[in-house]
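Structure, as structure tokens:
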Amino acid sequence: MEVYMENDFLKLIETRRSCRKYKPEQIKDEELAAVLRAGTFAPTGMGQQSPFIVAVQNPEMKAKLEQMNADIRGMKGNPYYDAPTYVLVFAPLDCPFKLQDGTCVLENMMLAAHALGLGSCWINREIEMFATDEGEQLMKEMGLPEGLGGVGAIALGYPATEPAAPKPRKEGYARVIK
């Protein structure tokens, strides 16, 4: 027997893809609020809600983030794919489950974005970016408390292209042992 809501959710998971081409217009405030809210409902170790979420739409701050990320990657171009919004996730450095908590926040936000018709893409290198003096200064500019580190980010916006079809799932991906 199929459950309607559950099937919709599974379809959402199965159809979400990384978006690497965005329309230039900014997303609506209500859409951003919904994506951020979804992040705040992610599971966290012991229910501590340790992560911090920062959405960046300011062009100057976005340019700093782009340059920091590109420098670490050793590349030219925009590692955030010219998305109109970047959403960064931070967690306390002394939190034993900072990466797990932050990862759950990022996944919730990507699924919420897809449900709203937005595109998103997981962006790496925030761990390295915010472990630098420049990164620590940028966290201060964001009004974050001391003692945090970067976990990851998502590029967020309206997709400029249709998503690619999913790759076939590998054989033996999941196992059941009874």
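The values are calculated or read from the model by the stated rules, or taken from the named source; none is laboratory data. Keep in mind it's a predicted model, so treat the numbers as computed, not measured. The accessibility values were calculated without ligands, DNA or RNA, using every heavy atom of the protein model including side chains. Shrake-Rupley method; radii C 1.70, N 1.55, O 1.52, S 1.80 Å.
A few notes on this one:
- Rounded accessible area per residue of the range 77-129, 1.4 Å, Å²: 36 Å²
- Cα long-axis angle, helix 29-40 against the chain (0 to 90 degrees, to the nearest 10): 80 degrees
- Ligands, DNA and RNA left out, the 1.4 Å accessible surface of the chain is 55% carbon and sulfur atoms.
- 3J(HN,Hα) along the range 143-149: x, 8, x, 6, x, 9, x Hz, from the Karplus curve 6.51 cos²θ - 1.76 cosθ + 1.60 with θ = phi - 60°, whole Hz, x for Gly and Pro.
- Global geometry of the range 117-178, whether rounded, prolate or oblate, following the gyration tensor of its Cα atoms and the 1.5 cut on a/c: oblate
- Set of lysines with alpha-carbon distance to residue 64 below 25 Å, sequence-local pairs under 8 removed: 21, 23, 28, 76, 98, 140
- Overall form of the range 51-142 per C-alpha gyration tensor (a/c, 1.5; a/b vs b/c): oblate
- The range 62-108: C-alpha gyration tensor shape, a/c 1.5 cut-off, then a/b vs b/c: prolate
- Angle in degrees between helix 4-15 and the longest Cα principal axis of the chain, rounded to the nearest 10: 60 degrees
- Per residue, the chain reaches -12000 deg cm²/dmol at 222 nm when only DSSP H runs of four or more residues are counted, each adding -39500 (n - 2.57).
- On Cα atoms only, tilt of 98-115 relative to the major axis of the chain in degrees: 60 degrees
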